[in-house]
Amino acid sequence: MSPNSDSILSQELSRRTALKALFGAASAAVLFGLPARAHAAEASKETTDKLNAAQAQLDEVQAQLDSIANEYAALANKNAQTLNDIENVQGKIDDTQAQIDEKKAELKKKRNDLSDRVAASYKSGGTNILSLLLASGSFEELVANAHYVEKINKSDRDAIEDIQTIQEELDAQKTELESQKADLEKLKDQQTAQMQDMQAKQQEVQTVLNGLSDDVRELMAQRDSEILAAAQAEEAARKAAAAAAAANKNNSYSGGSSSGGGSYAPGTPQQNAGSGKQQAVVNACYSTPSPGQNWCAAWVTNVFRNAGVGYFGGNACDMFNAWCYSSDRSALRVGMIVADSSHSGTGAPGLIYGHVGIYVGGGIVMSNEGAITSKSLDSFISFYGTGSGVRWGWLGGIALS
């Protein structure tokens with residue numbers, strides 16, 4: 001039978017496990033622990049195009065599989081109704097047969113009673129019907145005696161005729177019910193054959209879907225590997241530039257000391273708090289562009305870095321697990337991240353990585369959905385809370401209020 005929503009979810013979660021195993025904890029930490037740039041590291045256009053095409057094909061086949069599943073479910077319901085109808089008709093046939101048997105027994109009894117009376121009359125002599133008719137002295141007497149005999153037996157004949165009529169009606173009713181049952185049996189066989197054909201089609205489509213899932217997983221791995229390599233190259237260049245700048249500074253101020261309590265190095269969380277930081281995060285939400293589709297956590301990272309709060313790496317799932325601790329709306333504050341670790345609304349990426357946004361106040365959550373969007377908290381929870389549920393908290397554990 002076609003997979004239901006639970007089995008599809010199970011497959012997607014297995015895909016998530018496979019991806020995590022593929023990258024490993026160390027590589028994932030490197031990939032998501034690197035500082036986000038204004039233009040995030042990207043995979044090659046060829047890999048991205050192949051992945052988008054494979055994902056589109058996967059979605060198309062999945063839609064076809066869902067359609068088959070829905071058609072099968074509808075046909076299975078019709079088949080169940082047909083089986084109920086057959087059962088009901090068979091019950092009526094059984095009831096009718098019982099009535100036929102009852103009338104047959106009643107008819108037999110009436111006939112036996114009439115036969116017994118005739119036999120008794122014959123044995124008593126002179127009073128039986130034949131003697132009565134033979135004893136007639138004239139034609140008129142014969143007619144009168146015949147009328148008398150007719151009157152005596154009329155009630156018996158009427159009873160027998162009534163029973164015969166009822167029996168004939170019941171026989172006709174049974175024949176009609178058996179015809180209905182035969183038609184229903186034929187319909188049931190047709191529906192069963194259709195369901196078998198749909199099961200075979202479902203297996204074919206499922207095989208294609210499994211192959212496409214493997215292709216998408218491999219292309220996702222290739223894409224992320226390319227992004228990792230590009231990000232590592234950028235990080236190496238940044239460190240080299242920072243080292244060169246530090247060397248120049250030491251050469252210019254040898255023997256001196258800097259004032260101001262130290263400087264901020266990207267990647268080091270800063271313990272800032274206060275309503276000013278909340279406003280800075282909100283302002284950064286509106287000014288920070290999208291780094292691309294499926295990079296919701298990278299956008300959040302960029303927002304907090306641009307707001308001067310600090311750098312916090314990880315994907316949406318990591319942020320959810322590390323910093324989102326509450327679903328109490330009274331505890332929600334401006335500047336908190338709002339996230340889930342897995343949802344079914346956006347397919348494999350959502351199931352594997354979840355989604356994260358930022359609460360900007362007024363019941364609004366902003367997030368990167370390919371474009372930067374603003375959703376009501378209720379809408380955000382309704383869409384992204386279908387799997388692990390939505391929670392919120394302070395990113396990095398830094399309370400901004």
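Inside region 347-386, can you point out the residues that are within 24 Å of Asp224 (Cα to Cα) and open to solvent by 20 Å² or more (accessible area, probe 1.4 Å)?
Those that are within 24 Å of Asp224 (Cα to Cα) and open to solvent by 20 Å² or more (accessible area, probe 1.4 Å): Gly347, Pro349, Tyr353, Glu369, Gly370, Ala371, Ile372.
I'd like the full set of residues that are over 19 Å from Lys50 (Cα atoms) and crowded, with 17+ Cβ neighbours inside 10 Å, limited to region 209-233.
Ala231
Checking Ile166 against (1) free of Cβ contacts under 8 Å to residues at least 60 places away in the same chain; (2) open to solvent by 50 Å² or more (accessible area, probe 1.4 Å); (3) over 18 Å from Leu75 (Cα atoms), only one condition comes out false. Which one?
That leaves (1) as the condition not met.
With the requirement that a residue be out of contact with any Asp or Glu (no Cβ under 9 Å at 6 or more places or on another chain), touching a residue at least 12 places away in the same chain (Cβ under 8 Å) and either at positive phi or open to solvent by 10 Å² or more (accessible area, probe 1.4 Å) (or both), what does region 324-340 give you?
Tyr325, Ser326, Ser327, Arg329, Ala331, Leu332, Arg333, Val334, Gly335 - these are the residues of region 324-340 that are out of contact with any Asp or Glu (no Cβ under 9 Å at 6 or more places or on another chain), touching a residue at least 12 places away in the same chain (Cβ under 8 Å) and either at positive phi or open to solvent by 10 Å² or more (accessible area, probe 1.4 Å) (or both).
Of all residues in region 274-321, which are of a type outside the set (Asp, Glu), open to solvent by 50 Å² or more (accessible area, probe 1.4 Å) and in contact with a Phe, Trp or Tyr (Cβ under 9 Å, 6 or more places away or on another chain)?
The answer is Pro289, Asn294, Arg305.
Would you check if there is a residue in region 172-185 being open to solvent by 80 Å² or more (accessible area, probe 1.4 Å), out of contact with any Lys or Arg (no Cβ under 8 Å at 6 or more places or on another chain) and under 30 Å from Lys45 (Cβ atoms)?
Taking every residue of region 172-185 in turn, none turns out to be open to solvent by 80 Å² or more (accessible area, probe 1.4 Å), out of contact with any Lys or Arg (no Cβ under 8 Å at 6 or more places or on another chain) and under 30 Å from Lys45 (Cβ atoms).
Which members of region 298-352 meet the condition of being basic (Lys, Arg) and farther than 30 Å from Glu235 by Cα?
Within region 298-352, Arg329, Arg333 qualify.
Yes/no matrix, rows are residues, columns are (1) in a helix (DSSP H, G or I); (2) modelled with pLDDT of 85 or more; (3) loosely packed, with under 12 Cβ neighbours inside 10 Å; (4) among the aliphatic types (A, V, I, L, M):
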position: Leu31; (1), (2), (3), (4): yes, no, no, yes
position: Ala43; (1), (2), (3), (4): no, no, no, yes
position: Lys50; (1), (2), (3), (4): yes, yes, no, no
position: Ile68; (1), (2), (3), (4): yes, no, no, yes
position: Ala74; (1), (2), (3), (4): yes, no, yes, yes
position: Asn84; (1), (2), (3), (4): yes, yes, yes, no
position: Val89; (1), (2), (3), (4): yes, yes, no, yes
position: Lys92; (1), (2), (3), (4): yes, yes, no, no
position: Lys104; (1), (2), (3), (4): yes, no, no, no
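Please enumerate the residues belonging to region 349-377 that are within 21 Å of Asn315 (Cβ to Cβ), outside any loop (DSSP other than H, G, I, E, B) and among the hydrophobic types (A, V, I, L, M, F, W, C).
The answer is Leu351, Ile352, Val356, Ile358, Val365, Met366, Ile372.
Residues of region 209-236 being among the β-branched types (Val, Ile, Thr) and at pLDDT below 80, which ones?
Ile227
Out of Ala247, Ala200, which single residue is free of Cβ contacts under 8 Å to residues at least 24 places away in the same chain, assigned to a helix (DSSP H, G or I) and more than 30 Å from Ala69 (Cα to Cα)?
Ala247
The values are calculated or read from the model by the stated rules, or taken from the named source; none is laboratory data. Predicted model only: the values in this text are computed from it and were never measured. Please note: Cβ atoms are built from the backbone with ideal geometry, for glycine as well, and neighbour counts cover all protein chains shown. Areas reflect the complete protein model, heavy atoms only, side chains present, ligands, DNA and RNA absent. Shrake-Rupley method; radii C 1.70, N 1.55, O 1.52, S 1.80 Å.
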